[in-house]
1. Let me confirm something: among G80, G36, G73, which residue is at negative phi and in the same structural domain as V295 (by TED's automatic domain parsing)?
2. Kindly establish whether R178 is without any contact (Cβ under 8 Å) to a residue 40 or more places away in the chain and either part of a loop (DSSP other than H, G, I, E, B) or surrounded by fewer than 21 Cβ atoms within 10 Å (Cβ to Cβ) (or both).
3. Only one of (1) buried (at least 17 other Cβ atoms within 10 Å of the Cβ); (2) in a helix (DSSP H, G or I) fails for G238. Which number is that?
4. Scanning segment 143-156 for residues that are within 22 Å of the chain's Cα centre (by Cα) and touching a residue at least 40 places away in the same chain (Cβ under 8 Å), which turns out nearest to R197 (Cα to Cα)?
5. State whether one or more residues within segment 96-106 are surrounded by fewer than 16 Cβ atoms within 10 Å (Cβ to Cβ) and in the same structural domain as L248 (by TED's automatic domain parsing).
6. Take R193 and decide whether it is in contact (Cβ under 8 Å) with a residue 12 or more places away in the chain, basic (K, R) and surrounded by 15 or more Cβ atoms within 10 Å (Cβ to Cβ).
7. Go through (1) surrounded by 15 or more Cβ atoms within 10 Å (Cβ to Cβ); (2) touching a residue at least 12 places away in the same chain (Cβ under 8 Å); (3) not small (G, A, S) for P317 and report which single condition fails.
Amino acid sequence: MILNEIRHVPVMLAEVIGALAPKRDSIYVDATFGGGGYATAILEAAPGARVVGIDRDPAALAAGEALARRFGGRLVLVAGRFGDMVELLRAAGIARVDGIAFDLGVSSRHLDDPARGFSFRADGPLDMRMEGAGSGEASAADAVNRLSESELADILRRYGEERLASRVARAIVEARSRAPIARTGELADIVRRVVPRARDGIDPATRTFQALRIHVNDELGEIARGLAAAEILLAAGGRLAVVAFHSLEDRVVKTFLMERAGRAPAPSRHRPDPPGPARPPTFRLLGAAKRPAEVEIATNPRARSARLRAAERTEAPAWPTPFDDTGRRAA
């Protein structure tokens with residue numbers, strides 16, 4: 001069965017649509033279009049609404065063309081990174097939107113296709129680029145074969161929270177001295193030889209593959225840029241819904257929203273106050289973070305780590321950030 005023949009149901013769909021509360025004749029962004037699940041639900045829930053679907057993966061956009069035809073001019077597909085969405089939407093003549101949905105991390109489509117090189121469960125080229133092999137960006141194979149041992153250890157420690165990062169990095173460097181590491185199966189075997197299997201049954205290669213994927217795609221930097229872009233684009237009363245799948249993603253989202261909602265922790269009496277004047281909150285939190293329902297986890301085990309955070313945009317101007325008004329890092 002090919003991708004565009006199936007109806008993609010993303011994680012926490014009902015909760016995300018509930019948070020966005022789509023309205024008739026409004027404009028929404030599905031910032032991680034993927035299989036089009038959020039976009040479809042928004043368009044079906046709100047007559048006359050329009051959705052801009054953004055994805056950095058050409059294969060996802062190609063598969064979404066059938067959906068775009070189904071909804072006519074109400075669904076527009078845009079190639080690019082969601083961190084650049086201000087610039088992407090301006091090019092489409094859109095300056096303000098009424099809601100933005102993010103489904104962070106890697107998609108099931110990527111994990112299930114060995115040719116994309118994201119998973120250690122089936123052998124394939126060690127790639128992991130969300131844009132695909134023709135993007136010209138550095139791949140996971142480039143990283144494991146070119147970075148120094150200390151650089152690899154830092155990536156594994158920072159993005160994979162791997163306790164044995166130094167041991168894994170050393171094993172990678174030793175293996176590549178004999179021959180370049182080009183396959184997911186090769187890398188997984190190298191890691192499994194030096195990292196014991198955990199009692200919970202999680203594959204020892206899990207954290208290494210997560211770390212490399214985040215590094216290759218600059219995922220945490222992209223989330224920071226995407227949230228800053230959402231703050232710029234959302235109209236007063238507009239809704240933001242973000243689904244994260246691991247603690248590193250969720251930490252970026254939580255920190256941003258707590259700060260922008262004026263809920264950041266007060267400074268310690270042992271530290272000076274943060275510089276600069278207090279700024280009015282740009283978001284109002286829509287309750288606490290939500291987890292998937294047990295019935296969803298039972299039918300889709302990949303949903304078990306998901307966490308949804310939602311907020312509503314206030315009338316306050318966007319805060320200054322390290323990024324310019326297109327979402328790119330300022331010079």
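The values are calculated or read from the model by the stated rules, or taken from the named source; none is laboratory data. Predicted model, so just to flag it, every value in this text is computed and none were measured. Virtual Cβ from ideal backbone geometry, glycine too; neighbours counted across all protein chains shown.
1. So the residue among G80, G36, G73 that is at negative phi and in the same structural domain as V295 (by TED's automatic domain parsing) is G73.
2. yes
3. So the condition that G238 fails would be (2).
4. Looking at the filtered set, the residue picked out is L156.
5. yes
6. So R193 fails the test.
7. Status for P317: all satisfied but (1).
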